[in-house]
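Peer 1: Below: one structure in structure tokens.
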Amino acid sequence: MAYLATFFWGWLLTSLLLGFAMGWIAVVHRGPAVSRRLALWLSVLVAALLAAALARIVPGRYGYWLDLGLIMFALYLIGCAIGSWLRDWVVSRGLPRA
Amino acid sequence: MHGLFRWSSKWWPGVIPLVVFWAFAAWTSTIPLETDLAARSNAALKDTVLDKQRISVLGRDVGLSAEAFSEEGRLHAVGSVAAVPGVRLVNDNTRLVPEAKPFVWSAERDVARVTLGGSAPLPASKTRLLETARNALGGVEVADQMSLARGAPPRFDNAAALLIDQIAKLKDGKITLSDTKVSLAGMARELGGREAIAAALRNLPEGFSVAANDIKAPPYVFQAYKDPVASTLTLTGNVPDNNVHAALVANAGRKFFSEKVVDNLKASVGAPAGFAQAVVPALGALSRLSTGTLVVSDREVKLSGDALYDAAAQQIRAGLGKDFPQGWQFKAEISVKPQPSAVDATVCQQLFADLLTKARIRFESGSAELSQDSLGLLDRLTETAMRCPNANIEIAGHTDADGDPAANQALSEKRAQTVMDFLVRAGLPANRFTAVGYGASQPLAGNDTDEGKAQNRRIDFVVK
């Protein structure tokens, strides 16, 4: 994993920043949300993909692309979480003052 | 935490650019990653001995196909690649190098090249054998047709290297090593090569043995050419050693009293047994010819040329083979030289005197038996006697003054009679000759020195 991280750290950082930006926006975003049901299905899909990656059943380049996608997605989620939490913190700190 | 869950329902729009980035990342990083993993995998296998090693990388999966020389080596190779950072899976297509039974290795030499074939146990030993061959063979082309196989006997490399040294001693031939048995066939490059190879094979590593040694040596050739025009006897070819060399040249000097001996002999090992015992009488036969060539090739003696008269030709044809050691063959192509023109008695006397000043008729010490060294001279005396058919000739025997005068007298008579018998056997009428013994009564020189005595011991031909 360390080897892979050194190999495409730029893309991982990009995913993290993208997630951070998305998380930052999401707190105050008024657009449509993913329904609970869809979110569940998506979680199941991601879990299945994760399981496939860990079991190493996807061969060759597809396997590598799956790993790459999952890592980027994981960092995106981390970025989102940090972004949302920070934005929430900034917003909630600003509210009493306003 | 509840907030995080709520916000996450709004995170999805970022997934769209994320997918685009993912596609870009996959597009740009796959080939460099595969190249890098291939290089690292190859580096990891650098110290592992494998044959036909091939690495193909798809994504993070490394396909390894190779032939290993032991199960341990095979597992080690797979493990080394699997341990390379970044490698996800190793698709193991390795197998063991096939086992050769029997384990056969060969070196074959022809006119143009030396071909190493059969099996070698390891790539390193294959390289080493090729290098040994190139060093041992100088500029000769070395072709490699060796394949790799398991199952070589212990100390194979040492045995094969020793055999490569032997192929260098061959003109053509093949050396085969089958498990621990060595078979050799072919022709040695030089005289003595066969013996040198046989000697070297005694140093084969423990456990190896010679199953068949059919190395042939080039023929051991000795030649002598008697040229009456240049008045030379040319000796060429091989002699077993310097002692035999000196003895042969000295012997030729005695037998060829009027020819200069040109000595181009060289000492070489590999002479057939009984070489000197065959060559000395053969040279004696050649000395009786007017012109002739003697070729001794291994154990075959060929004598061709012109005898001085019929009876001599017959004696040579019939007599020579008898003196040879067992196993020797004799082929004679003897013709008879035309009889020279007749001369009168005075010229005859002169011719006798000329011959007898060049050489003396020799006898075995203290006896009346003719020395074999004098047959050439006797043939010439006979030929001369045939040229003056009307002359009566006294064959006069003389001795030195040593010993009992009566014994000397008897010896001189017997020796004169022996010479006369020789002439009669050659076909001359007995009534033309008288054999007379003078003992020590007519010395040519003083009897006080060895040289003088030697001059006094003689047979004279006196035309009456």
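The values are calculated or read from the model by the stated rules, or taken from the named source; none is laboratory data. Since we're looking at a predicted model, the values are computed, not measured. Here the Cβ positions follow ideal geometry from the backbone for every residue, glycine too, while neighbour counts run over all protein chains shown.
Peer 1: Can you work out which of the residues in region B:143-159 that are within 32 Å of the chain's Cα centre (by Cα) and crowded, with 20+ Cβ neighbours inside 10 Å is nearest to B:Leu116 (Cα to Cα)?
Peer 2: B:Met146
Peer 1: I would also like to ask the following. So B:Val97 clears everything in (1) modelled with pLDDT under 90; (2) out of contact with any Phe, Trp or Tyr (no Cβ under 7 Å at 6 or more places or on another chain) except one condition, right? Which one?
Peer 2: The single condition B:Val97 does not satisfy is (2).
Peer 1: Is at least one residue of region A:87-98 assigned to a loop (DSSP other than H, G, I, E, B) and more than 10 Å from chain B (Cβ to nearest Cβ)?
Peer 2: For region A:87-98, residues assigned to a loop (DSSP other than H, G, I, E, B) and more than 10 Å from chain B (Cβ to nearest Cβ): present.
Peer 1: Same structure, new question: Considering every residue within region A:29-44, establish whether at least one is under 24 Å from B:Ala25 (Cβ atoms), without any contact (Cβ under 8 Å) to a residue 24 or more places away in the chain and out of contact with any strand residue (DSSP E or B) (no Cβ under 8 Å at 6 or more places or on another chain).
Peer 2: Checked region A:29-44: at least one residue is under 24 Å from B:Ala25 (Cβ atoms), without any contact (Cβ under 8 Å) to a residue 24 or more places away in the chain and out of contact with any strand residue (DSSP E or B) (no Cβ under 8 Å at 6 or more places or on another chain).
Peer 1: So which residues in region B:419-429 are β-branched (Val, Ile, Thr) and surrounded by fewer than 17 Cβ atoms within 10 Å (Cβ to Cβ), if there are any at all?
Peer 2: Within region B:419-429, just B:Val424 meets the criteria.
Peer 1: Say we look at region A:9-58 and pick out the residues that are among the basic types (Lys, Arg) and part of a helix (DSSP H, G or I); which of these is nearest to the other protein chains (Cβ to nearest Cβ)?
Peer 2: A:Arg36
Peer 1: Do any residues in region A:68-84 that are more than 7 Å from every other protein chain (Cβ to nearest Cβ) have Cβ atoms under 6 Å from those of residues that are of a type in the set (Gly, Ala, Ser), where the two are at least six apart or on different chains, and which pairs are they?
Peer 2: A:Leu70/A:Ala53; A:Leu75/A:Ser15; A:Gly79/A:Gly19; A:Gly83/A:Gly23
Peer 1: Quick test for you: out of B:Ala212, B:Ala224, pick the one residue that is in a strand (DSSP E or B), over 18 Å from the mean Cα position of the chain (by Cα) and closer than 30 Å to B:Lys255 by Cβ.
Peer 2: None of the other options fit; the residue is B:Ala224.
Peer 1: Which residue out of B:Ala410, B:Ala416, B:Ala396 is among the small types (Gly, Ala, Ser), in contact (Cβ under 8 Å) with a residue 24 or more places away in the chain, assigned to a helix (DSSP H, G or I) and buried (at least 17 other Cβ atoms within 10 Å of the Cβ)?
Peer 2: Answer to the selection: B:Ala416.
Peer 1: For region B:422-464, name all the residues that are within 17 Å of B:Leu381 (Cα to Cα), within 52 Å of the chain's Cα centre (by Cα) and in contact (Cβ under 8 Å) with a residue 40 or more places away in the chain.
Peer 2: Correct list: B:Phe422, B:Leu423, B:Arg425, B:Ala426, B:Gly427, B:Leu428, B:Arg458, B:Ile459, B:Asp460, B:Phe461.
Peer 1: Could you identify the single residue in B:Ala332, B:Ala368 that is farther than 30 Å from B:Gln455 by Cα and either assigned to a strand (DSSP E or B) or in contact with a helix residue (DSSP H, G or I) (Cβ under 6 Å, 6 or more places away or on another chain) (or both)?
Peer 2: Exactly one residue qualifies, and that residue is B:Ala332.
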